[in-house]
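**Q** I'd like to ask you about the structure that follows.
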Amino acid sequence: MEKIVTVKNLSKSYGKQLVLDDISFEIYKGEIVGFIGPNGAGKSTLMKCMCNLINIDAGSINICGYDLVKDRKNALKKQASLIEGPGLFLTMTGLQNIKLFASLHDVSKQRLQEMIDYSRLGKHINKKVSAYSLGMKQRLALAIALLSEPNFLMLDEPMNGLDPTGIFELREELRNMVNKYNMALLISSHQLNEIEKIADRIIYLDHGKINEVEKNSTTTKYIIKLDKALTNYNNDYECMAIDNLSYQFTIKDEKELSQLIQNLVLQKLNILDVIKIEDDLEDEYSKIYEVTK
Ligand SMILES: Nc1ncnc2c1ncn2[C@@H]1O[C@H](COP(=O)(O)OP(=O)(O)OP(=O)(O)O)[C@@H](O)[C@H]1O
């Protein structure tokens with residue numbers, strides 16, 4: 001996989017407060033990386049360092065082969081970010097906003113039209129942004145961020161304030177965007193379940209250090225209720241008896257679950273119930289931050 005972002009031994013302090021402590025990670029093309037941490041963990045600070053809004057104290061940040069400090073102009077050309085809200089001019093129309101940013105980035109007419117279409121604002125593009133819903137503002141801001149065809153996009157808590165429909169639409173939007181433009185996305189959020197649904201990989205920021213979890217490596221637990229006790233079990237899956245008719249299995253994927261069910265049916269056992277236990281991100285989060293749910 002092609003590397004888009006390399007952060008190496010990055011440190012940042014505000015006065016005596018060390019916020020980022022020798023952090024290193026990489027992000028690859030086509031990847032959505034979720035970025036999670038409690039309030040004050042340093043998520044915004046890291047994102048601000050990565051778009052050069054604030055200076056770093058030590059280490060390096062490389063975007064598409066360009067060092068953000070030594071080759072700032074080229075590194076910034078390869079990325080876009082939405083940090084601390086959509087950042088739109090409310091008294092201007094959507095069209096005036098997108099045209100203004102297009103002129104600042106020297107964007108072609110064709111790309112401008114492509115992004116106006118991408119915003120799916122239709123006739124609302126001629127209305128003042130102050131009249132937009134938060135979802136519409138997000139779509140416009142996203143279209144503006146994509147004007148310069150970035151390889152890497154950073155979104156700081158984009159789900160904030162959106163209702164469940166808005167969150168669902170944004171999630172679909174972002175997934176389609178990453179696939180269509182083959183880019184890399186770093187997205188921070190407090191909405192753990194939403195991050196879990198969209199991210200390929202999760203980075204936790206904990207006391208200035210990074211803690212990574214490979215989402216794909218997690219297994220799922222199922223409780224299967226049978227009409228008779230399980231006597232002949234072949235040890236292919238981790239299994240724990242809950243009572244003499246219910247068993248908890250740890251399963252890698254749906255294929256393995258289907259094999260297990262076939263196996264049980266072959267043993268002439270009737271399956272009365274299959275209950276999936278969501279081993280969700282909140283459990284991981286609780287373990288890492290030692291918070292009580
Ligand atoms: N400009 C600043 N000057 C001094 N301290 C700052 C500054 N910006 C942030 N901090 C401190 O750095 C720490 C990390 O803040 P940051 O905003 O990066 O955290 P965060 O993870 O984004 O938090 P939240 O989830 O609440 O947005 C906090 O203790 C904060 O008070």
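Coordinate-derived values only; no laboratory data. Everything numeric here is computed off the predicted structure, so don't read it as measured data. Reconstructed Cβ throughout: ideal geometry from the backbone, glycine too, with neighbour counts over all protein chains shown.
**Q** Specify the inter-centroid distance of region 173-187 and region 6-81, based on alpha-carbon positions, in whole Å.
**A** 19 Å
**Q** Follow-up. Taking other Cβ within 10 Å of each residue's Cβ, how do Ser246, Ser130 sort, fewest first?
**A** Arranged by neighbour count, lowest to highest, Ser246, Ser130 become Ser130, Ser246.
**Q** Rg/Rh for the chain to two decimals, with Rh computed the Kirkwood way over all alpha-carbon pairs.
**A** Working: Rg = 23.2 Å, Rh = 21.6 Å.
In the chain, Rg relative to Rh is 1.07.
**Q** Ignoring everything except DSSP H segments at least 4 long, calculate the 222 nm mean residue ellipticity for the chain; use -39,500 (n - 2.57) per segment, divide by total residues, nearest 500.
**A** -9500 deg cm²/dmol
**Q** Please list, by residue number, every one of the trypsin sites (Lys or Arg not before Pro) in region 59-114 that is coil in DSSP and has at most 13 other beta-carbon atoms within 10 Å.
**A** Here the trypsin sites (Lys or Arg not before Pro) that fit, given the DSSP loop and packing criteria, are Lys70.
**Q** Which angle from 0 to 90°, rounded to the nearest 10, does the C-alpha axis of helix 109-118 make with the longest principal axis of the chain?
**A** With rounding to tens, the tilt is 40 degrees.
**Q** 5 Å is the cut-off here: which amide hydrogens, built 1.01 Å from N in the peptide plane, fall below it relative to Ala184, excluding neighbours closer than 5 in sequence?
**A** Gly30, Phe152, Leu153
**Q** Here are some pairs, Lys99/Lys123; Lys12/Lys180; Lys8/Lys99; Lys48/Lys127; Lys70/Lys109; which of them have Cα atoms lying more than 26 Å apart in this structure?
**A** Among Lys99/Lys123; Lys12/Lys180; Lys8/Lys99; Lys48/Lys127; Lys70/Lys109, the Cα-Cα distance tops 26 Å for Lys12/Lys180; Lys8/Lys99; Lys48/Lys127; Lys70/Lys109.
**Q** How high is the relative contact order of the chain, in percent, with contacts defined as C-alpha pairs under 8 Å that are six or more residues apart? Walk me through the numbers on the way to the answer.
**A** On the way: 516 pairs, mean separation 57.5, N = 293.
Result for the chain is 20 percent.
**Q** Looking at the chain, what % of its DSSP beta bridges pair antiparallel, to the nearest 5?
**A** If we restrict to bridges inside the chain, about 70 percent are antiparallel.
**Q** State the dimensionless ratio Rg/Rh of region 1-53 (Rg: radius of gyration of Cα atoms; Rh: Kirkwood radius).
**A** Values: Rg = 12.0 Å, Rh = 12.2 Å.
Checking Rg against Rh, the ratio lands at 0.99.
**Q** Right, here's the next one. Convert each backbone phi in region 94-99 into a coupling constant with the Karplus relation 6.51 cos²θ - 1.76 cosθ + 1.60 (shift: θ = phi - 60°), then list the ³J(HN,Hα) values in order as whole Hz, x for Gly and Pro.
**A** For region 94-99, the Karplus-derived couplings read x, 5, 4, 4, 5, 5 Hz, x marking Gly and Pro.
**Q** Out of every Cα pair in region 122-173, what percent are spaced more than 16 Å from each other?
**A** Roughly 45 percent, once rounded to a whole number.
**Q** Sketch the reach of a paramagnetic label on Leu266 as a point 7 Å from Cα along Cα-to-Cβ, and name the residues of region 219-259 whose backbone nitrogen lies under 11 Å away.
**A** Label zone hits: 234, 259.
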